[in-house]
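The values are calculated or read from the model by the stated rules, or taken from the named source; none is laboratory data. What you are looking at is a predicted structure, and each value in this text was computed from that prediction instead of being measured. So basically every Cβ, Gly included, is an ideal-geometry build from the backbone, and we count neighbours across all protein chains shown.
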Amino acid sequence: MDAGARLKIGISACFMHADPARALFTGKTLQYVEQSIAHWVMSTGALAVMVPSPTGATQRGDVTLDHFAQWLDALVLHGGADVSPLSYGEQPLQEKWAGDKVRDEYEIALVAAFERRGKPVFGVCRGLQLMNVAYGGTLYQDIATQVPDSLVHRDAKVYDQNFHTIDIQPGSRLAALYPDAGRVTVNSIHHQAIKQLAPGFRVEAVSNEDGLVEAIRCADGSRPYLAAVQWHPEFHLPESRTLDDSALLNDFLEAAAAARGRTA
């Protein structure tokens with residue numbers, strides 16, 4: 001397929017902020033994407049493009065996030081650092097949960113730029129939390145601290161081999177994508193979660209054992225496709241016992257193709 005015909009999917013950047021004590025790239029800010037999320041996006045032939053933040057201490061030129069939103073067909077918000085409690089009007093309960101407000105502000109602006117252009121946005125893990133905050137929701141800063149009797153949603157010892165089951169909500173778009181699935185298994189690599197759902201969104205899946213939100217979608221028809229999941233679909237392997245995420249990816253890419261057709 002010619003490159004011009006392929007979908008161009010933006011992936012928001014992770015930040016490694018300048019650290020004078022770091023031996024490599026001393027004092028430099030790094031922006032990067034995790035390999036597996038790029039490979040997941042490219043698995044059906046779409047082109048993955050990291051969207052760097054155009055602002056910062058070394059900013060040059062006149063490029064804005066709106067230029068990326070105009071050029072790209074859709075956006076993926078991927079995992080990484082905690083969302084800062086300051087971004088939803090709270091103070092950190094502990095310093096280690098202070099999060100990355102710089103990245104929050106960049107990604108909130110990025111989501112807004114894609115919405116203005118009517119382009120789809122899909123969130124993964126932190127991406128779900130960021131999307132919820134961007135539209136007025138709040139988070140549990142730490143599940144184990146704030147949700148008594150909750151599951152272990154993050155286990156550093158096993159990382160992406162930590163699994164649990166979720167219930168897909170009947171009548172949701174997610175249920176339509178998986179008509180033969182009610183309760184499915186997903187990976188779990190997060191210690192924060194949705195506390196108050198953003199207005200205009202609906203819950204599409206919950207952890208069946210403790211009720212925590214695992215998938216959301218915007219139900220406001222005036223907005224473009226906005227959906228997110230708490231698990232990492234890019235970590236799922238075809239031969240694993242976890243949910244087959246091909247339908248989820250294909251649905252997002254179909255929305256991206258439709259958006260391209262409307263703006264062509």
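Just to be sure before I move on: is residue 114 out of contact with any Phe, Trp or Tyr (no Cβ under 7 Å at 6 or more places or on another chain) and surrounded by 20 or more Cβ atoms within 10 Å (Cβ to Cβ) in the structure I sent?
Spelling it out, residue 114 is indeed out of contact with any Phe, Trp or Tyr (no Cβ under 7 Å at 6 or more places or on another chain) and surrounded by 20 or more Cβ atoms within 10 Å (Cβ to Cβ).
Tell me the residue from 246, 188, 222 that is small (Gly, Ala, Ser), out of contact with any Pro (no Cβ under 6 Å at 6 or more places or on another chain) and crowded, with 17+ Cβ neighbours inside 10 Å, please.
From the options 246, 188, 222, the qualifying one is 188.
Among the candidates 207, 150, single out the residue that is within 18 Å of the chain's Cα centre (by Cα) and surrounded by 16 or more Cβ atoms within 10 Å (Cβ to Cβ). I'd like the intermediate steps shown before the answer.
Working: 150 fails: within 18 Å of the chain's Cα centre (by Cα).
None of the other options fit; the residue is 207.
Of all residues in region 225-238 being modelled with pLDDT of 95 or more and closer than 15 Å to residue 168 by Cβ, which is surrounded by the fewest Cβ atoms within 10 Å (Cβ to Cβ)? First the steps, then the outcome.
So in region 225-238, the residues modelled with pLDDT of 95 or more come out as 225-231.
Next, only the ones that are closer than 15 Å to residue 168 by Cβ stay: 227-231.
On the way: 227: 23, 228: 27, 229: 25, 230: 29, 231: 28.
It comes out as 227.
Restricting to region 23-37, and then to whatever is under 23 Å from residue 248 (Cβ atoms) and polar (S, T, N, Q), can you tell me which residue is surrounded by the fewest Cβ atoms within 10 Å (Cβ to Cβ)?
35
For region 49-72, does any single residue satisfy the condition of being free of Cβ contacts under 8 Å to residues at least 12 places away in the same chain and within 26 Å of residue 154 (Cα to Cα)?
No: region 49-72 contains no residue that is free of Cβ contacts under 8 Å to residues at least 12 places away in the same chain and within 26 Å of residue 154 (Cα to Cα).
Search region 74-97 for residues being assigned to a helix (DSSP H, G or I) and of a type in the set (A, V, I, L, M, F, W, C), and hand back the single one that is surrounded by the most Cβ atoms within 10 Å (Cβ to Cβ).
97
Could you pull out the residue among 181, 156 that is part of a loop (DSSP other than H, G, I, E, B), among the hydrophobic types (A, V, I, L, M, F, W, C) and either closer than 21 Å to residue 249 by Cβ or touching a residue at least 60 places away in the same chain (Cβ under 8 Å) (or both)?
Sole residue among the options that is part of a loop (DSSP other than H, G, I, E, B), among the hydrophobic types (A, V, I, L, M, F, W, C) and either closer than 21 Å to residue 249 by Cβ or touching a residue at least 60 places away in the same chain (Cβ under 8 Å) (or both): 181.
Quick check on my filter: what residues within region 153-184 are β-branched (Val, Ile, Thr) and modelled with pLDDT under 90?
158
Being over 30 Å from residue 261 (Cβ atoms) and small (Gly, Ala, Ser) is the filter here; which residues of region 88-147 pass it?
Within region 88-147, 89, 98, 99, 136, 137, 144 qualify.
Taking region 98-153 as the search range and keeping residues that are small (Gly, Ala, Ser) and in a loop (DSSP other than H, G, I, E, B), which one is farthest from residue 188 (Cα to Cα)?
118
Restricting the first residue to region 1-22 and requiring it to be farther than 21 Å from residue 39 by Cβ and buried (at least 20 other Cβ atoms within 10 Å of the Cβ), which pairs with a second residue that is among the small types (Gly, Ala, Ser) and at pLDDT 85 or above meet a Cβ separation below 6 Å and a spacing of at least six or different chains?
Once the first residue is farther than 21 Å from residue 39 by Cβ and buried (at least 20 other Cβ atoms within 10 Å of the Cβ) and sits in region 1-22, no partner that is among the small types (Gly, Ala, Ser) and at pLDDT 85 or above comes close enough.
Of the conditions (1) more than 13 Å from residue 12 (Cα to Cα); (2) at pLDDT 95 or above, residue 27 satisfies every one except a single condition; which number is it?
Among (1) more than 13 Å from residue 12 (Cα to Cα); (2) at pLDDT 95 or above, residue 27 violates only (2).
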